[in-house]
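Participant: One structure, as structure tokens, below. Some questions next.
The values are calculated or read from the model by the stated rules, or taken from the named source; none is laboratory data. Just so you know, these numbers come straight off a predicted model, no measurement behind them. Ideal geometry is used to build each Cβ from the backbone, glycine not excepted, and the neighbour counts take in all protein chains shown.
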């Protein structure tokens, strides 16, 4: 059988054509994959970060803060701190003193537990709107007040509640009376005060020192 040998220019042309085809295919596939990744990233970003602000604002129908400073949640002179806020950055002794004990369980104090020898009025620390009133087995009546869309204060251990959900309150308005709490050996005239700022529980002591201009956003 006679063998035929391809001319050199034919071989070169076929080789170049193959290279061009592979190159174009690679570019098209790469572009397709890149577009898919970008779409997935954008979709995930939107799904995780977009919030229905209209619904949120309706729920948190707060009032404009007109106060110049943040007040404590009481006006009575005889109120003292029984348990301070649990700060993980403090020394071991301070952390131990900030633990709450209930039914063989130690719990980190997420606020400041105030006590007094006699019952005292619990007041709103700033202008705001009452957004929730609940009753807890351990902490008694609990009132939440929204001051801005990012600032909520919570008043636990109330014996009496003088407000209703939806009420607008001014700074120093009485929202209830101190009550009993069963943690540790028990306290008769107590208030556990918490601050939720930008979705996180913060130390009320730091909150008292904040500027209204920074909070009212």
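Residue by residue, here is whether (1) in contact with a helix residue (DSSP H, G or I) (Cβ under 8 Å, 6 or more places away or on another chain); (2) closer than 25 Å to residue 214 by Cα; (3) crowded, with 17+ Cβ neighbours inside 10 Å holds:
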site: 93; (1), (2), (3): no, no, no
site: 140; (1), (2), (3): no, no, yes
site: 144; (1), (2), (3): no, yes, yes
site: 152; (1), (2), (3): no, yes, yes
site: 155; (1), (2), (3): no, yes, yes
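Participant: Just for strands (runs of 3 or more DSSP E) wholly inside the range 170-217: which have at least 2 residues that are touching a helix residue (DSSP H, G or I) at 6+ places or on another chain (Cβ under 7 Å)?
Facilitator: Correct list: 187-197.
Participant: Do you know which residues across the range 121-138 are over 15 Å from residue 168 (Cα atoms) and crowded, with 21+ Cβ neighbours inside 10 Å?
Facilitator: Step one: filter the range 121-138 for residues over 15 Å from residue 168 (Cα atoms), giving 121-122, 134-138.
Hit for the range 121-138 is 122, nothing else.
Participant: Of (1) at negative phi; (2) free of Cβ contacts under 8 Å to residues at least 60 places away in the same chain; (3) part of a strand (DSSP E or B), residue 163 satisfies all except one. Which?
Facilitator: That leaves (3) as the condition not met.
Participant: Considering the range 129-138 alone, what residues qualify as being modelled with pLDDT of 95 or more and out of contact with any helix residue (DSSP H, G or I) (no Cβ under 8 Å at 6 or more places or on another chain)? Working first, answer last.
Facilitator: The initial filter retains those residues of the range 129-138 that are modelled with pLDDT of 95 or more, namely 129-134.
The answer is 129, 130, 132, 133, 134.
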